[in-house]
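As structure tokens, the structure follows; a few thoughts come after it.
Laboratory data are not the source of any read-out in this text; all were calculated from the coordinates shown. What you see is a predicted model; the values in this text were computed from it and never measured. Neighbour counts are summed over all protein chains in view; Cβ atoms, including those assigned to glycine, are modelled from backbone coordinates with ideal geometry.
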Number of protein chains: 2
Amino acid sequence: MSTTHSGPCALVGSFGRSVRALREALGWSQERLAENSNLNRSYIGEIERGVVIASLQTVEKLAAALQVTPADLLAHGASREGQQA
Amino acid sequence: MSTTHSGPCALVGSFGRSVRALREALGWSQERLAENSNLNRSYIGEIERGVVIASLQTVEKLAAALQVTPADLLAHGASREGQQA
């Protein structure tokens, strides 16, 4: 787990927003997502705020918990960005 | 960048094969992909062999170099797995 990312990494920001949107769509708290993904609740918060850079292993855990594929989890963020542009 | 991943992480393996397949489809060496993605050549080799866990920042760099979206890069590996299953 690396800390705040140095350069601009659009994917980290959109991934965080995607995790939050899918979590809220399920009506889950960060606590519940943390339990279902076997991750730490505060780390979920950091991911959603885009202040940490998730690894593929974390992406896989969150996708499984949110019942989407890892690719969908990445695409979800990107597609929402496109709609709002 | 974390070293060899502890538990089974299917995504890390399929991601590596996906990077290799897309690189080879472009006719690129690992050296060329390293230059185009601003990553280290030996790190590219480790990613392709699935022995390191890439971060989202690395996924973004490789997707840009390989001219696909990050989601496509993840989906590419998964779809190839499905075909071979």
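Distances between copies at residue A:38, taken between label points 7 Å from Cα along the C-beta direction, are 3.5 nm in increasing order.
Counting only the Cα atoms, region A:10-84 fills a convex hull of 77 Å³ per residue. Each copy carries a label point for residue A:25 at 7 Å from Cα along the beta-carbon vector; from one copy to the others these points are 2.6 nm apart, nearest first.
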